[in-house]
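Encoded as structure tokens, the structure appears first; notes follow it.
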Amino acid sequence: MSRLLVRNGTVVDPSQGIHRVMDVLVENGRVAEVRARIDAGDAEVVEAAGFHVAPGFIDIHTHLREPGGEGSETIETGTRAAAAGGFTRIYCMPNTTPVCDSETGVQYVISRAASHGCINVVPVASITKGMLGEELTNFGRLMGCGAGAFSDDGRPVMNAEIMRRALEYTKLLGVPLFEHCEDMNLTAEGHMNEGVVSARLGIKGIPRVSESVMVSRNCALAAATGGHLHVCHVSTRESVHAIREARRNGVRVTAEVSPHHLTMTEDAVLGYNTNAKMKPPLCEKADRDALIEALEDGTIDCIATDHAPHSSQAKDNVFDAAPFGIIGLETAFPVLYTTFVTTKRWTLDFLVEKMTTAPAKVMNADWGTLRPGTQADFSIIELGEPARFERRHIFSKSINSPWIGATMKARIAATFVNGLQVFQHPDVVLAGAGTCEKLAANGTAKPKARKGAKA
Amino acid sequence: MPRGYGRPVSKHVATVSLPGKDLLGIEGLSSSDLSTVLDTARGFKEVITRTVKKVPVLRGRTVVNLFFENSTRTRTSFELAARRLDADVINFDVATSSVAKGEALLDTIETIEALGADFIVIRHGSSGAPHFLAKAVRASVVNGGDGAHEHPTQALLDAFTIQERLGRIEGLRVAIVGDILHSRVARSNILALQKLGAEIVLVGPPSLVPDSFAAYGVEIEHTLRSGLRDADIVYLLRIQLERQRKNLFPSLDEYRLLYGINRERLGWAKPGALVMHPGPVNRGVEVTRDVMEMDESLITTQVTNGVAIRMAVFYLLQGAKSDVAAPGS
């Protein structure tokens, strides 16, 4: 029997209302016990005194680019980036080449994740074949082989009839439709939020109504069908308003918000910064404030990164030729902790909840907990010490992050999946951790580290 | 120290220059920088009215005109300015290239660096392209127009033309009429004329003059009559035919009906108001031919002054690098 004891860390587990110094005992990849002063016996011991221990984060919105986009990310590098950010379970979007719209596509992601990934990966399959918005994929068949949700992310389902049928059909399966809400006619050739900054920079704008008009339409369709609509990366105050209204009326709609929309505004684009170019675009301060409030009052359910790797060649370009998107797995928790918890706007428990049980709840799952008997997925976090986030802290294959050089007051010290360490921060010393042969020299476990663990 | 031809140029060593190695936009310039350019251009205007129109302050230097969009007028003006300063000029015409946006720029940068360019004049369809280029090269980059962002030498020559005619800019009311949203000329002129003390009113339909422009501290009017009220200068922008296809306005005919300038409508502005246009003019659309031929029209003067302004810009950017003789006095 393999046993691991994480000793004297401050355990933060909102699912059990725990926030105090405790020990966590892991046996055979599962949480055996969480309480004060557990006898180590023959267990390996990680000394976590002074650190925090939280359930592994769950990200329901990432892009791993494999297959077809291996130049910017692979399942191997993407899951390492996730582990470096304290994530132990991620959903990856189907906008790969080819699109993940078939059993083969879903199985490919699952098998690559098993052989090369270091955390749990759930493939999201597309709503329509080829993401062309015309013909539904075989939802039942795809779920049967492991798809966790459906989305045409990156592209909206423009045809309301298709969206209606998709929402109707998913009622059968009990999974949400992750919808990227955008009216492509309104967006046209836009590259950033339409407003004062776009006027000044001479960049064609994307009007905020491009998102909210589709959020409103999709909420109406969810109301009409009773299907579960999940709105991806909400970015405007008008969309927040539409979601709040729909929820008030009992419509099954959930929503996520990204760390960048919670912390940045369109001002970040000044200087033609392509690492501030994403979809939906960064909006105004009033939008940002509305998103923060919406997360706080429950209108928006959870945080999701929309980790979108793009190669340097693609991003190092004139603004309107650069692709949309930034990476976000490594920085999500540190950025949000620094912005909202150190300033006392949020409690640590609130932030952890929004990154663990909250996204799990969107998926009707009970992940994101250290409850005994569950899979031992957790991270050990160092809080309070200001440290510069540098390029070498990026494990993604791409470096399109606006936070390189930023000072953050949180670092993920180590991440464990199934009780096995899959990440060790190169600059943080954690007695007892990172010493096992399972960890590669670069601080991340090689795939074979998971042998013996039951996934 | 090089000597001028014809009349000797004054012997003082240049101490004036522009901030930084590049001219990327009016945004980065102070009102005194603007005055420096206008004062310097006055000297060069005198040079180009001589029989021998050269001063060899850029002898041995290479100017590359890198034009990703067609513009014979602007390119010729830059070329003439560079030649009158005795520079070697290379015209890199990439407008016809079918290479995707951005890629062509990255590819071309290496070539230009290898050619040993001292100045690169860039015109590009992407806003911010000159800023991107300036970070990548040692040469001085001059923005010859980027997307819908800025066209600083146009604004400088416009300010020069106004000052030359009226002796001042401060306190003037300038109405800029037309497609403000897509106009780099409008943005650079708003910034330059405001810094020099003018009052700006933007005139055009709401789809081409959105409210977000109020952030510039300008007035916005959607009807021509109210927009022209008390205007000292009526600055007309070229209407781009392709915008109409995107339904930003219904038709050229309707544009002419609502915003076209003729003699009668010019009367809505201050008596004796001057008419300007960056060219090329869609005759009979933005403005009638008879208005263009009035003494109040500065349209051809703008073109002449473009050369003097661009000479001044090269000269001042060069001034940041070495000691060169100033022209005129």
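The values are calculated or read from the model by the stated rules, or taken from the named source; none is laboratory data. Predicted model only: the values in this text are computed from it and were never measured. Note that each Cβ is placed from the backbone with ideal geometry, even for glycine, and that neighbours are counted across all protein chains shown. With ligands, DNA and RNA removed, areas are computed over all heavy atoms of the protein, side chains included. Shrake-Rupley method; radii C 1.70, N 1.55, O 1.52, S 1.80 Å.
Yes/no per residue for (1) within 21 Å of B:Asp158 (Cα to Cα); (2) open to solvent by less than 50 Å² (accessible area, probe 1.4 Å); (3) of a type outside the set (A, V, I, L, M, F, W, C); (4) touching a Phe, Trp or Tyr at 6+ places or on another chain (Cβ under 8 Å):
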{"site": "B:Asp39", "(1), (2), (3), (4)": "yes, no, yes, no"}
{"site": "B:Phe44", "(1), (2), (3), (4)": "yes, yes, no, yes"}
{"site": "B:Val52", "(1), (2), (3), (4)": "no, no, no, yes"}
{"site": "B:Ser71", "(1), (2), (3), (4)": "yes, yes, yes, no"}
Check your understanding: How many residues does region B:284-306 contain that are in a helix (DSSP H, G or I), of a type in the set (Ser, Thr, Tyr) and either surrounded by 19 or more Cβ atoms within 10 Å (Cβ to Cβ) or in contact with a strand residue (DSSP E or B) (Cβ under 7 Å, 6 or more places away or on another chain) (or both)?
Key -> 0
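Quick grid of which residues meet (1) of a type in the set (Phe, Trp, Tyr); (2) touching a helix residue (DSSP H, G or I) at 6+ places or on another chain (Cβ under 8 Å); (3) in a helix (DSSP H, G or I); (4) surrounded by 24 or more Cβ atoms within 10 Å (Cβ to Cβ):
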{"site": "A:Gly69", "(1), (2), (3), (4)": "no, no, no, no"}
{"site": "A:Gly78", "(1), (2), (3), (4)": "no, no, yes, yes"}
{"site": "A:Cys100", "(1), (2), (3), (4)": "no, yes, no, yes"}
{"site": "A:Thr104", "(1), (2), (3), (4)": "no, no, yes, no"}
{"site": "A:Gln107", "(1), (2), (3), (4)": "no, no, yes, no"}
{"site": "A:Ala113", "(1), (2), (3), (4)": "no, yes, yes, yes"}
{"site": "A:Val121", "(1), (2), (3), (4)": "no, yes, no, yes"}
{"site": "A:Gly133", "(1), (2), (3), (4)": "no, yes, no, no"}
{"site": "A:Leu142", "(1), (2), (3), (4)": "no, yes, yes, yes"}
Review point. Restricting attention to region B:212-232, which residues are assigned to a loop (DSSP other than H, G, I, E, B), polar (S, T, N, Q) and within 12 Å of chain A (Cβ to nearest Cβ)?
Key: none
Check your understanding: For residues in region B:117-165 being open to solvent by less than 10 Å² (accessible area, probe 1.4 Å) and among the acidic types (Asp, Glu), which is farthest from the other protein chains (Cβ to nearest Cβ)?
Key -> B:Asp158
Check your understanding: When only residues in region B:215-231 that are more than 18 Å from B:Ile26 (Cα to Cα) and among the hydrophobic types (A, V, I, L, M, F, W, C) count, which is most open to solvent (accessible area, probe 1.4 Å)?
Key -> B:Ile220
Review point. Looking at B:Val64, is it β-branched (Val, Ile, Thr), touching a Phe, Trp or Tyr at 6+ places or on another chain (Cβ under 8 Å) and modelled with pLDDT of 90 or more?
Key: yes
Review point. Do you know which residues across region A:173-189 are among the polar types (S, T, N, Q) and open to solvent by less than 10 Å² (accessible area, probe 1.4 Å)?
Key: A:Thr187
Check your understanding: How many of the residues in region B:106-116 are crowded, with 20+ Cβ neighbours inside 10 Å and away from chain A (no Cβ under 14 Å)?
Key -> 1
Practice item. Being in contact with a helix residue (DSSP H, G or I) (Cβ under 9 Å, 6 or more places away or on another chain) and either part of a loop (DSSP other than H, G, I, E, B) or modelled with pLDDT under 95 (or both) is the filter here, so list the residues in region A:1-34 that pass it. Key: A:Pro14, A:Ser15, A:Gly17
Check your understanding: If you take the residues in region A:291-316 that are under 30 Å from A:Gly68 (Cα atoms) and of a type in the set (Asp, Glu), which one is surrounded by the most Cβ atoms within 10 Å (Cβ to Cβ)?
Key -> A:Asp306
**Study point:** Scan of region A:343-357 for residues that are touching a residue at least 60 places away in the same chain (Cβ under 8 Å), open to solvent by 30 Å² or more (accessible area, probe 1.4 Å) and not in a helix (DSSP H, G or I), ordered by number
**Key:** none
Review point. Just wondering, is there one or more residues in region A:168-189 that are assigned to a loop (DSSP other than H, G, I, E, B), within 14 Å of chain B (Cβ to nearest Cβ) and on the phi > 0 side of the Ramachandran plot?
Key: yes
Revision key, fill the gap. Within region A:364-381, the residues that are buried (at least 21 other Cβ atoms within 10 Å of the Cβ) and either farther than 18 Å from A:Ala83 by Cα or not aromatic (Phe, Trp, Tyr) (or both) are A:Gly368, A:Thr369, A:Leu370, A:Gln375, A:Ala376, A:Asp377, A:Ser379, A:Ile380, A:Ile381
Study note, to complete from the structure: For region B:262-283, the count of residues that are basic (Lys, Arg), open to solvent by 50 Å² or more (accessible area, probe 1.4 Å) and more than 21 Å from the chain's Cα centre (by Cα) equals 2
Study note, to complete from the structure: Scanning region B:33-61 residue by residue, the ones that are among the β-branched types (Val, Ile, Thr), out of contact with any strand residue (DSSP E or B) (no Cβ under 7 Å at 6 or more places or on another chain) and at pLDDT below 95 total 6
Point to revise | Hits in region A:402-419 - residues which are within 21 Å of the chain's Cα centre (by Cα) and assigned to a strand (DSSP E or B) | key: A:Met408, A:Lys409, A:Ala410, A:Arg411, A:Ile412, A:Ala413, A:Ala414, A:Thr415, A:Phe416, A:Val417
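Of the residues A:Ala314, A:Ala294, only one is within 14 Å of chain B (Cβ to nearest Cβ), in contact (Cβ under 8 Å) with a residue 60 or more places away in the chain, outside any loop (DSSP other than H, G, I, E, B) and among the small types (Gly, Ala, Ser); which?
A:Ala314
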Exercise for review: Output yes when any residue across region B:170-180 is in contact with a helix residue (DSSP H, G or I) (Cβ under 6 Å, 6 or more places away or on another chain), open to solvent by 10 Å² or more (accessible area, probe 1.4 Å) and not polar (S, T, N, Q), and no when none is.
Suggested key: no
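Residue-wise test of (1) open to solvent by 10 Å² or more (accessible area, probe 1.4 Å); (2) more than 22 Å from B:Gly125 (Cβ to Cβ); (3) within 14 Å of chain B (Cβ to nearest Cβ).
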site: A:His191; (1), (2), (3): yes, no, yes
site: A:Arg208; (1), (2), (3): yes, yes, yes
site: A:Val213; (1), (2), (3): yes, yes, no
site: A:Ala223; (1), (2), (3): yes, yes, no
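Quick one: in region A:263-285, of everything that is assigned to a helix (DSSP H, G or I) and in contact with a helix residue (DSSP H, G or I) (Cβ under 6 Å, 6 or more places away or on another chain), which residue is nearest to A:Val318 (Cα to Cα)? Step through it out loud before you land on a result.
Step one: of region A:263-285, the residues assigned to a helix (DSSP H, G or I) are A:263, A:266-269, A:274-276, A:285.
Applying the additional criterion that residues be in contact with a helix residue (DSSP H, G or I) (Cβ under 6 Å, 6 or more places away or on another chain) yields A:263, A:266, A:268-269, A:274, A:276.
Values: A:Thr263: 24, A:Glu266: 17, A:Ala268: 15, A:Val269: 12, A:Thr274: 8, A:Ala276: 13 Å.
Per the stated criteria, the residue is A:Thr274.
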Review point. What about A:Ala242, is it among the hydrophobic types (A, V, I, L, M, F, W, C) and open to solvent by 10 Å² or more (accessible area, probe 1.4 Å)?
Key: yes
Point to revise | Lone unmet requirement of (1) in a loop (DSSP other than H, G, I, E, B); (2) open to solvent by less than 30 Å² (accessible area, probe 1.4 Å) for A:Thr254 | key: (1)
Check your understanding: Do we find that A:Ile162 is away from chain B (no Cβ under 14 Å) and closer than 28 Å to A:Ala82 by Cβ in this structure?
Key -> no
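In a helix (DSSP H, G or I) and within 14 Å of chain A (Cβ to nearest Cβ): is that true of B:Val209 in this structure?
no
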